[in-house]
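Chemist: This structure is in structure tokens; I'll ask about it shortly.
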């Protein structure tokens, strides 16, 4: 077991304990009962009838936010409100994306729109986004310093999802377009999460910039691995079907890399996928094999490792608190390698 | 022709000229091309392919915002950014509500989701909401003073739409519940619009409070008249079918007033509607007649007049700039009486 495999869960769990009360207070302040119910469901705190449950995610973004404050000041305090804000924005986007993508399951439970209806799920997302802004406003000066970063990341997040929807309808997609889009959908909010605590805590520009780059590269690495798992992931670990992206006909970075730089295997894959997403098991197996043969899996894994290294490299020589920098590196490594 | 019928359009048109450049700059600052295209379509500036068009609304909310700043300072300046922000939030909610309500036409054009798809319309709404917050942030101190009011109104707006969706599925609805819900959907943002300019301009608490009440009462009056028009409106004026709310089986304030306080006519209406929305023309005509016979139209008109009067009464004895107070009263009277 590597060091990050112990250190990261410890950091995540420690910070979850710090952020959780503020997170619950933020949601409790929603005056509309239905919005509170759906937000609580989305966050894994309650079932559809409001009974307590425990189905939350790993809360990576709040952890990064708190660590980025700690890295600058040595204490978590300045990162708590930003942590709440980024987690609210993340869950706003999950609620909405599930509606748009017609995803019916998340974290082994039916998605929000399946349980509460499309309209209510969209509204709860809106309430969470608005609440995120309110939380930073209520924090005074430190919140105001960090709000522009949250808003900018939200716009890039929205744009990423929009491009994802557009690309679905297109015949040909370049690898750059996919990486850009995935950057918007994943890396932008991770970049914000990784720097917003430092911003709130008054960290200087170079530190904030480096932490932002850390989060961006981490985000791309994370997404590349996600795309690898979408082809060759172990269903027992990922909780998804085998070759899930292949079955869905998804043009992920790995699939597009295979199609555009995959030699003969890539050409055969293109022929196979020209008929649409493979519908019989034999074709799923063949398409998966062709992606592997194309070298795209190897490319994505190598690229993810390079991005992770670039992320971790940002943390040196900035005068960051050593233990926080080590936690940031551990969380990044853990997140990228979680199911590989 | 009454005084307000001349004075109000003049004020609306003067202020539209002041706000329009800032509004266009705010939307132009959206970095995503698709989001800009949809926002421009929603605002009536362009068609679906980006060609210039002129299909905008009356821009009541920006006018109220600017007038509320003028009422305090004598100049419009402090109200411009708040005007942009409330109009962006208004259009965010229109884009989303049209998706949820499956409305296919607005201002004689197909709605955003019909043209661009559900997902892109939801995203463009999100981009406009986020942009509204950014616009106030970018304005510095005056924007920050007014941001909490915008966020609070947005939450009430979201809650109003959520209750509207919930009430649709319910068998019995009380008049109080409908008025509360309609207050959330219409009055909350009008209350914010009518006071946000004063807030931004540093108006004192009593003035801000009075302007907020002005906007709230105006909003309820506006909605009551809208509900009257939904039963007996002239299609040539409203641009909707005759008896549109009756046809849609909508439980508007007027319909619920007829059902709950409408005597024998109300009871007959309840029997008729128990079978669902009237599907044949004969039943539509009968239901419309029963609403009229119940006295609900008269009640709503009288209540709207009282609310409008209460709104206008707020404008006296606060030391407001006289001409701006007169414009506010004229716009309120014009908006409430537009198609009656």
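Chemist: Using only the Cα atoms of the range A:223-340, each taken as one equal point scatterer with no solvent, compute I(q) by the Debye sum, divide by I(0), and report log10 of the ratio at q = 0.10, 0.18, 0.23 Å⁻¹.
Modeler: So the normalised log intensities work out to -0.36, -0.86, -1.20.
Chemist: Tell me, what are the semi-axes, in whole angstrom and largest first, of the equivalent ellipsoid of the range A:43-116 as set by the roots of 5 times the Cα gyration tensor eigenvalues?
Modeler: 28, 14, 9
Chemist: Next up: How tilted is helix A:188-200 with respect to the longest principal axis of chain A? Cα atoms for both, answer in degrees (0 to 90, nearest 10).
Modeler: Once rounded, one gets 20 degrees.
Chemist: Nearest 10 degrees, 0 to 90: what angle lies between the long axis of helix B:205-232 and the longest principal axis of chain B (Cα atoms)?
Modeler: 40 degrees
Chemist: Using a Gaussian network model on chain A with a 10 Å cutoff between Cα atoms, which of A:279, A:159, A:243 fluctuates the most?
Modeler: Judging by the Gaussian network model, the answer is A:279.
Chemist: So, one more: Could you work out, residue by residue across B:25-32, how many beta carbons of other chains sit within 10 Å of that residue's beta carbon, and then give the average as an integer?
Modeler: Average per residue, whole number: 2.
Chemist: What number, in percent, do you get for the relative contact order of the range A:253-340 if the mean sequence gap of Cα pairs under 8 Å and at least 6 apart is divided by its residue count?
Modeler: Across the range A:253-340, relative contact order equals 27 percent.
Chemist: Quick check on the range B:166-275: what are the equivalent-ellipsoid semi-axes from the Cα gyration tensor, as sqrt(5λ), descending, whole Å?
Modeler: Semi-axes from the Cα gyration tensor: 33, 16, 11 Å.
Chemist: Measuring from a point 7 Å out along Cα→Cβ, what nm distances, shortest first, does residue A:53 have to its partners in the other copies?
Modeler: 4.3
Chemist: Follow-up. Tell me, what is the percent relative contact order of the range A:59-115, built from C-alpha pairs under 8 Å that lie six or more residues apart?
Modeler: Averaging sequence separation for qualifying contacts and normalising by length gives 25 percent for the range A:59-115.
Chemist: Which of A:149, A:192 has the fewest other C-beta atoms within 10 Å, and how do the rest follow up to the most?
Modeler: A:149, A:192
Chemist: Over every pair of different alpha-carbon atoms in the range A:108-231, take the mean of 1/r and invert it; report that Kirkwood radius in Å.
Modeler: For the range A:108-231, inverting the mean 1/r across all distinct Cα pairs yields 16.2 Å.
Chemist: Given the peptides A:259-269, B:92-102, B:167-177, A:283-293, arrange them by the average over their residues of other C-beta atoms within 10 Å, most packed first.
Modeler: The peptides rank, most packed first, as B:92-102, A:283-293, A:259-269, B:167-177.
Chemist: Report P(r) for the range A:26-177: all Cα-Cα distances, bin width 10 Å, range 0 to the bin holding the largest distance, values in whole percent.
Modeler: Distribution as computed: 11, 36, 33, 17, 3, 0 percent.
Chemist: Still on this structure: Going highest first, how would you order A:132-144, B:68-80 by mean Cβ packing within 10 Å?
Modeler: Most protected by this proxy first, the peptides run B:68-80, A:132-144.
Chemist: Kindly provide the pair-distance distribution of the protein assembly as shown built from C-alpha pairs, with 10 Å bins from 0 and whole-percent values in order of increasing distance.
Modeler: Taking all Cα pairs of the protein assembly as shown, the binned fractions are 3, 14, 23, 24, 18, 11, 6, 1, 0 percent.
Chemist: While we're looking at this one, here's another question. Considering Cα pairs under 8 angstrom that are at least six residues apart, work out the relative contact order of chain A and quote it in whole percent.
Modeler: 20 percent
Chemist: Per residue of A:90-97, what is the mean number of Cβ atoms on other protein chains within 10 angstrom of that residue's Cβ?
Modeler: The shielding value for this peptide is 1.
Chemist: Now for a different question. If the label for residue A:232 sits 7 angstrom from Cα along the Cα-to-Cβ line, what are its distances to the same label in every other copy, in nm to one decimal, shortest first?
Modeler: Going from nearest to farthest copy, the values are 7.5 nm.
Chemist: Going by a ≥ b ≥ c, the root eigenvalues of the Cα gyration tensor, does chain B fall in the rounded group (a/c under 1.5), the prolate group (a/b larger than b/c) or the oblate group?
Modeler: oblate
Chemist: First check a/c for the range A:1-74, with a ≥ b ≥ c the square roots of the eigenvalues of its C-alpha gyration tensor; if it is under 1.5, answer rounded, and if not, answer prolate when a/b is larger than b/c or oblate otherwise.
Modeler: oblate
Chemist: Shifting gears a bit: On a 0 to 90 degree scale, rounded to 10, what angle separates helix B:33-42 from the longest Cα axis of chain B?
Modeler: Helix B:33-42 and the main axis of chain B meet at about 50 degrees.
Chemist: Next question, about the same structure. For residue A:53, project a label point 7 Å along Cα to C-beta. Then give me every residue of the range B:149-171 with its amide nitrogen under 16 Å of that point.
Modeler: none
Chemist: Once you average over the residues of A:124-131, how many Cβ atoms of partner chains fall within 10 Å of each Cβ?
Modeler: 6
Chemist: At R0 = 22 Å, how high is the FRET efficiency between residue A:206 and residue A:77 if r is their beta carbon distance? Nearest 0.05 is fine.
Modeler: 0.45
Computed from the coordinates by the stated procedures, all read-outs in this text should not be read as laboratory data. Note that the structure is predicted; figures quoted are calculated from it, not measured. Methodologically, a virtual Cβ is constructed for each residue, glycine included, from the backbone with ideal geometry; neighbour enumeration extends over all protein chains shown.
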